[in-house]
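Visitor: This is the structure I want to talk about, given as structure tokens.
The values are calculated or read from the model by the stated rules, or taken from the named source; none is laboratory data. Please read these numbers as outputs of a predicted model, since none were measured by experiment. Cβ sites come from the backbone with ideal geometry, for glycine too, and all protein chains shown count toward neighbours. Just the protein is used for accessible areas: all its heavy atoms, side chains included, with ligands, DNA and RNA removed. Shrake-Rupley method; radii C 1.70, N 1.55, O 1.52, S 1.80 Å.
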Amino acid sequence: MMGAKRKKSDSDGGEEEESSATNGYSKEKKMKTEILPSMIKNKDKRSEVHAKLKHQKKLEKRKKAKARDAAAKRALELGEEPPAKMIPRTIENTRELDETVCMPDDEELFAGNDADEFSSILKREITPKILITTSRFNSTRGPAFISELLTVIPNAHYYKRGTYDLKKIVEYANKKDFTSIIVVHTNRREPDALVIINLPDGPTAHFKLSNLVLRKDIKSHGNPTSHEPELILNNFMTRLGHRVGRMIQSLFPQEPNFRGRRVVTFHNQRDFIFFRHHRYIFESKETKQADSKSKKMKDAKGEVAKEKVIAHLQECGPRFTLKLISLQYGTFDTKGGEYEWVHKPEMDTSRRRFFL
Amino acid sequence: MPRTSALECPGCPPLRALTFDVLGLVKVIEGRGKQGGVPKVVDRWGEPDSSKCVLAASMVHAKYDPLLAVARKNGTIEVLNPLNGDVRLSISNVDDTGNRPENDAIAGLHLFARNKVDSGSRSCTLLTCTTNGKATLRAFEDIFSADSASVGSSRTWNVCSSGNILCSKVDGSENYALFGGKGVEVNVWDLNERTKIWTAKSPPKNSLGIFTPTWFTSATFLSKDDHRKFVAGTNSHEVRLYDISAQRRPVISFDFKETPIRAVAEDLDGHTIYVGNGSGDLASFDMRTGKLLGSFLGKCSGSIRSIARHPELPVVASCGLDSYLRLWDVKTRQLLSAIFLKQHLVNVIIDSNFTSEEVANSTRDPSVEAAQTANENEDGDDQHLQPVKRKKSLKEKKVNKKGRKEKNRSNEISAEDCGSKKLKSKKRVKCEVLDDSP
């Protein structure tokens, strides 16, 4: 029976034949192996069946991709619209509906922006001046991290912590016209938290710091110049995220020096803020085609024609990840402080709920 | 498929709430319809301006011509009509001595209801208190005349010599007021004589000999008709019950969580209070025993600045720095609904006249009126059954349905009787039956 069918289908030819054959095969297989490989007790047999299944899946997947490509190609040849690209369903794009997401037509949002604590810096009335200090104990990676932070943030000054209370330091910094304080907290010789205090009257953000990679540990890293960096803030969508974003923005001077070609990125993804620091360069390079052609017909088209601009990126480090733990109203005050936002365990009831 | 867990908010009974935020906006939130209505922002008064940030608000819940007083950061006090937001009166609290409003902000504001009842609706009396302890009692004869020069009388006195006043409250009879703050022990004043009648005494040092500095952040009287008992919340996360007639030290004192108490509100029953703190925890306590009745859980993440109890329905409203107005069921402690209002909120007031007002202009919407009167009736009938109200209404529906069914059945029976009597006109009877069936 089966053989006859096959012969019949052979006559059709083309792709369909193959697919029908495999379909028949897989159907047959299914009939045979309703049993899952995990139900087979003999290990040799189990692994064999499993490998077979896996191979089959792989083939199917490849064929699907091939068909998709072919369809796209055909559409291109016929001059039609290519079939819509499929968008994978990720946790971010299926995030829970959140009414706090900022809308560009929100009048109150802009009024609030004008009134908030960062507006004087962001309107370029004041240039930011940052005080960086540490926790009481600080060693090994802490100082190294701070020295790198000093190269990242212009107009940042490191002060030894000594035995001063943080509230005293806040007072001192207020007197000296600092606009923010960054405290690098170190635990077991590893920086593990970052407290950013905006002066003179808050807010205070407390971040968890993880995955710190220092410059010297980054392969083929670059050494940054002292130009004012450009700043990229990605995905700070909600009101809270907006506020945190503005807070981070207020650490940097608002006039980037584009000659320096230095970029600092804060990328928010699923409430984790990824920090990266890069240098870029534009290289105008003759493409390979132009090279091969130029050998033959040198002056036919001239040098103007085939110049392609390529951007090169080089990471300067450090590299780290921040996660917001709390945002406090006012300056640092753990005992009597009011919180604008604290992370509470009862909020973690869904993987698809994000706050930034 | 993406699994999303939407917040299940059962919705709340019809009510009207006013919220005040840091941009000086007043937003009106109304929940309409029966149980399950989602409240919405129906109105917004004022333009966003950070210098007009609201510091305190007070309202007279009169049936006719209610008034709302709002104290702003730039030192002005506005008297509004809480129905449409028209400014009736605007006065400046800045005096000639050159005190700038930033240095001496208003900490407490109370609008008296008593005078209105006595001498017509044209006058109003205001009690304001600044952070430096300057209390002022102002009376206005005629708030409807356009000029604000019609100040009847204004009396000022100092309630504290040092420290900052952070909370003030006037009791139900409006004869006594209490003040407290940072470095100021709670003190009670007789407003008629303007004399201090009582001052609290700070609690003794603890077993380690450590003295916690005085810092009251919120206070409220325990019941409307008793000025002797009041509850105060401190910055060192302590809730204290004071009894003037008993002693100068707190009668009951207990800790609540680990951040400062920011808001305290009393219930109608005279012994329950609601406490909100700096990290967004809200709980109710029984002040007879000092025991925790339960916490209100609902993903509230920002400091609670204000709590308001609905005067009739079992609903509590809370708002604060997370810019949500949250409505809770008192009995089940469930979140009824949360409304995002975009700014840090400072204060919330529930307008108690909302339902009656609905009835008044019910000519256009009789169904709503019917629902509301039904609700009110229920309230009157069985206050002990309030938490199961929804179930009850369901039951009622069922009963109704049953009733209808029975009716139908009786109709059928009668029809059948008819049929047996008049066999000839069977067809017609059938038609009748069909007609009867809904």
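Visitor: If the chain between B:S207 and B:D286 were fully stretched, how many nm would it gain, using 0.36 nm times the residue separation less the Cα-Cα distance?
Guide: 25.8 nm
Visitor: Still on this structure, please answer the following. Could you tell me the center-to-center distance, by alpha carbons, between the range B:20-94 and the range B:282-302 in angstrom?
Guide: If we compute the Cα centre of each part, the gap is 28 Å.
Visitor: Further, regarding this structure: List the GluC sites (Glu not before Pro) within the range B:159-224 that fall in a DSSP loop (any state other than H, G, I, E or B) and whose Cβ has at most 10 other Cβ atoms within 10 Å.
Guide: B:E193
Visitor: Restricting things to alpha carbons, find the Rg to Rh ratio for the range A:121-345 using the Kirkwood radius for Rh.
Guide: My calculation puts Rg/Rh at 1.10.
Visitor: Now for a different question. Can you work out ³J(HN,Hα) from phi for every residue in the range B:320-327, in order, using Karplus 6.51 cos²θ - 1.76 cosθ + 1.60 and θ = phi - 60°, giving whole Hz and x for Gly and Pro?
Guide: Running phi through 6.51 cos²θ - 1.76 cosθ + 1.60 with θ = phi - 60° gives x, 6, 7, 6, 10, 9, 10, 10 Hz.
Visitor: Set the bar at 24 Å for Cα to Cα. Now go through B:K182/B:K205; B:K169/B:K196; B:K40/B:K342; A:K344/B:K205; B:K224/B:K257; A:K344/B:K257 and name every pair that lies beyond it.
Guide: A:K344/B:K205; B:K224/B:K257
Visitor: Now for a different question. Find the sum over both chains of the accessible area lost when B and A are paired, probe 1.4 Å, and report it in Å² to the nearest 100.
Guide: 2600 Å²
Visitor: If you wrap a convex hull around the Cα atoms of the range B:240-309, how much volume per residue is inside, in Å³?
Guide: With only Cα atoms used, the range B:240-309 gives 95 Å³ per residue.
Visitor: Then there's this: What's the Cα-based Rg to Rh of the range B:159-220, Rh via Kirkwood?
Guide: Dividing the radius of gyration by the Kirkwood radius yields 1.04.
Visitor: Give me the dipole magnitude in Debye, nearest 20, for the range A:121-345 about the Cα centre, with unit charges on the beta carbon: positive for Lys and Arg, negative for Asp and Glu.
Guide: For this selection, approximately 680 debye.
Visitor: Right, next: Would you mind calculating the gained length between A:D217 and A:K73 on full extension (0.36 nm times residue separation, minus the Cα-Cα distance), in nm to one decimal?
Guide: Additional length available on full extension: 47.4 nm.
Visitor: Let me ask you something else. Quick one: Cα convex hull volume of the range B:15-367, Å³ per residue?
Guide: 141 Å³
Visitor: Let me ask another. Give the whole-number value, in cubic angstrom per residue, of the convex hull volume spanned by the C-alpha atoms of the range A:93-244.
Guide: 162 Å³
Visitor: May I ask you to evaluate 6.51 cos²θ - 1.76 cosθ + 1.60, the Karplus curve with θ = phi - 60°, for each residue of the range B:226-241 and list the ³J(HN,Hα) values in order in whole Hz, giving x for glycine and proline?
Guide: So the J values, rounded to whole Hz, are 9, 8, 8, 10, 8, 10, 10, x, 10, 5, 8, 6, 10, 10, 10, 9.
Visitor: Moving on. Tell me, what is the 1.4 Å probe accessible area of A:K129, in Å² to the nearest 10?
Guide: Around 60 Å² of this residue is reachable by solvent.
Visitor: Could you work out the local net charge near A:T225, counting Lys and Arg as +1, Asp and Glu as -1, over the other residues with Cβ closer than 13 Å to its Cβ?
Guide: Overall, the nearby charge balance is +2.
Visitor: Averaged over peptide A:111-118, how many Cβ atoms belonging to another chain are found within 10 Å of each residue's Cβ?
Guide: Per-residue shielding by partner chains comes out at 4.
Visitor: Still on this model: Bin by bin, in steps of 5 Å, what percent of the Cα pairs in the range A:31-75 do you find, going until the bin that has the longest distance?
Guide: 5, 20, 17, 16, 11, 9, 9, 6, 4, 1
Visitor: Further question on the same structure: Quantify how much of the Cα-Cα distance distribution of the range B:158-280 extends past 22 Å, in percent.
Guide: Here the tail beyond 22 Å accounts for 29 percent of pairs.
Visitor: Hey, another quick one. Which cross-chain or sequence-distant (5 or more) residues have an amide H under 5 Å from the amide H of B:G133, H modelled 1.01 Å from N in plane?
Guide: Those lying under 5 Å, H to H, from B:G133 are B:I165.
Visitor: Rounded to whole Hz and in sequence order, give me ³J(HN,Hα) for the range A:73-79 from the Karplus expression 6.51 cos²θ - 1.76 cosθ + 1.60, θ = phi - 60°, writing x for Gly and Pro.
Guide: Working through the residues one at a time gives 5, 4, 4, 5, 5, 7, x Hz.
Visitor: How much accessible area does B:S245 have with a 1.4 Å probe, in Å² rounded to the nearest 10?
Guide: 80 Å²
Visitor: Quote the FRET efficiency, to the nearest 0.05, computed for B:N158 versus A:R189 with a Förster distance R0 of 45 Å and r equal to the Cβ-Cβ distance.
Guide: Efficiency at R0 = 45 Å is approximately 0.20.
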